[in-house]
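One structure is given here, and the rest of the page talks about it.
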Amino acid sequence: MAGSLGVLITGASGAIGGALAREYAAPGTHLVLHGRRREALESLAVACRARGARVELSDIALTDDRQLSAWLADLAERGLPDIVFANAGQNSHVGVAGTLEPWEEVSELLAINLRVPMAMAQALAPAMVRRGRGQLVFISSLAAWHGLPVTPSYSASKAGLKAYGEGLRGHLAPHGVGVSVVMPGYVSSAMCDAMPSPKPWRWSPERAARAIRRGVARNRARIAFPWLLNHGCWWLAVLPAPLSQQLLRWLGYGERP
């Protein structure tokens with residue numbers, strides 16, 4: 001990827017990932033796009049190539065350590081991407097009358113939302129350190145500020161990713177490697193639509209991608225939006241827990257009837 005901007009995006013067949021791919025697609029950019037939905041990925045590749053980008057696709061099983069390691073090693077050998085978006089993710093929510101999320105769903109969610117981004121950093125950060133440049137971008141969520149009663153496992157995975165990214169940023173900064181944690185609010189997508197909760201100040205994927213690109217270009221530690229929702233979620237983290245939980249119930253995020 002020498003001589004061009006290399007951008008790796010997992011979850012590219014989803015709303016935010018696809019919008020990021022189109023945002024970065026331009027002459028001189030080499031996009032490495034990963035997604036589970038091959039047809040959507042192929043369509044995205046056509047659109048990005050029309051904008052002048054070089055594109056390669058992958059649909060490996062990210063949670064398969066052997067496949068993931070081999071894929072990332074191959075990328076590193078051919079020229080490590082300059083920017084890596086660990087964007088692939090999924091959600092789950094509780095049931096009614098105190099029913100928890102199915103454990104199989106929780107296990108899969110933790111693997112893709114938290115373990116895979118950490119594995120990507122383990123594989124790619126050392127090569128970035130050797131080069132003295134590069135940027136890792138972790139897609140967390142505003143739910144990382146305070147766990148939402150309707151999506152406790154999702155909130156936990158995003159809080160863990162936020163903490164990991166913040167810690168890694170401090171460790172890698174002296175070596176010229178940037179780390180940004182993206183904390184979106186509600187962004188229109190199938191996953192967002194499936195969440196059983198109010199969705200205030202929802203953004204389009206394109207608007208989110210533009211905000212993320214600006215933040216990444218400035219190597220911001222946190223890229224959180226929209227501002228008002230981020231401010232409110234931050235308060236949930238600093239207020240006494242009983243008050244925060246009462247506020248969430250008032251706002252419609254309490255136990256499902």
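Every number in this text was worked out from the coordinates using simple rules, so none of it is lab data. Please read these numbers as outputs of a predicted model, since none were measured by experiment. Cβ atoms come from the backbone with ideal geometry, glycine included; neighbour counts cover every protein chain shown.
Hey, any idea what Rg/Rh is for segment 35-78, computing Rh the Kirkwood way over Cα pairs?
1.05
Per DSSP helix of 4 or more residues, -39500 (n - 2.57); summed, then divided by the residues of the chain. What does that give at 222 nm, rounded to the nearest 500? Display every interim value, and only then the final one.
On the way: 10 runs with 123 residues, N = 257.
My calculation for the chain gives -15000 deg cm²/dmol from helical runs alone.
For all pairs of alpha-carbon atoms in segment 88-206, what percent lies in each bin of width 5 Å, listed from the first bin to the last filled one?
Bin by bin from 0 Å, the calculated values are 2, 11, 19, 21, 17, 13, 9, 5, 2, 1, 0.
Taking amide H positions as placed in the peptide plane 1.01 Å from N, state which residues far from S92 in sequence (5 or more) or on other chains have amide H under 5 Å from it.
The list, which skips near neighbours in sequence, is Y154.
Could you list, bin by bin from short to long, the percent of Cα-Cα pairs of the chain in 5 Å steps?
For the chain, the pair-distance distribution reads 1, 6, 13, 18, 20, 17, 12, 7, 4, 2, 0, 0.
Placing +1 on the Cβ of each Lys and Arg and -1 on the Cβ of each Asp and Glu in segment 160-215, which of W203, M191, L161 has its Cα farthest towards the positive end of the resulting dipole?
Of W203, M191, L161, it is W203.
On average, how much area does the Cα convex hull of segment 120-185 cover when viewed from any direction, in nm²?
Numbers: hull surface 17.1 nm².
Mean projected area for segment 120-185: 4.3 nm², to one decimal.
Near the amide H of R222, under 5 Å away, which other amide H atoms are found, from residues 5 or more places off or on another chain, if H is placed in the peptide plane?
Excluding prolines and chain starts, which carry no amide H, the hits are V181.
Lys/Arg Cβ at +1, Asp/Glu Cβ at -1, dipole of the chain taken about the Cα centre: which of L68, C233, V94 is farthest positive-ward?
Projecting each Cα onto the dipole axis, the largest value belongs to C233.
What is the local net charge at D59, summed over the other residues whose Cβ is closer than 13 Å to its Cβ (Lys, Arg +1; Asp, Glu -1)?
Around D59, the surrounding residues sum to -1.
Helix 241-250 sits at what angle to the longest principal axis of the chain, using alpha carbons and giving 0 to 90 degrees rounded to 10?
Taking Cα atoms only, the helix is inclined about 80 degrees.
Could you give the distance between the Cα centres of segment 54-122 and segment 212-246, to the whole Å?
23 Å
Take the Cα radius of gyration of segment 1-109 and divide it by 2.2 N^0.38 Å, with N its residue count; two decimals is plenty.
Normalised by 2.2 N^0.38 Å, the Cα Rg of segment 1-109 equals 1.22.
Count the net charge of all other residues whose Cβ sits under 13 Å from the Cβ of E108, scoring Lys and Arg as +1 and Asp and Glu as -1.
-2
With the Cα gyration tensor of segment 172-257 in hand, convert its eigenvalues to equivalent ellipsoid semi-axes via √(5λ) and list them largest first in whole Å. Walk me through the intermediate numbers first.
Details: eigenvalues 156, 66, 20 Å².
With the √(5λ) rule applied to segment 172-257, the semi-axes are 28, 18, 10 Å.
Place the peptides 63-70, 33-40, 110-117 in order of packing, highest mean first, counting for every residue the other Cβ atoms within 10 Å and averaging per peptide. Walk me through the intermediate numbers first.
Values: 63-70: 13.1, 33-40: 17.8, 110-117: 20.4.
Result, highest mean first: 110-117, 33-40, 63-70.
Quick one: in segment 46-138, what % of C-alpha pairs are over 21 Å apart?
On the way: 1925 of 4278 pairs.
The calculated P(r) of segment 46-138 puts 45 percent of pairs beyond 21 Å.
When DSSP assigns beta bridges and you keep just the ones with both residues in the chain, what percent turn out antiparallel, to the nearest 5?
Expressed as a percentage, antiparallel bridges in the chain total about 0.
Sum up the charges of everything whose Cβ sits under 10 Å from the Cβ of H175, counting Lys and Arg as +1 and Asp and Glu as -1, but leave H175 out.
On the way: positive: R130, R131, R133; negative: none.
The answer is +3.
Compute the long axis of helix 38-50 from its Cα atoms, compare it with the longest principal axis of the Cα atoms of the chain, and write down the angle in degrees, 0 to 90, nearest 10.
For helix 38-50, the angle is close to 60 degrees.
What does the charge dipole of segment 1-75 about its Cα centre add up to, to the nearest 20 debye, if the Cβ of each Lys and Arg holds +1 and the Cβ of each Asp and Glu holds -1?
Computed charge dipole of segment 1-75: roughly 240 debye.
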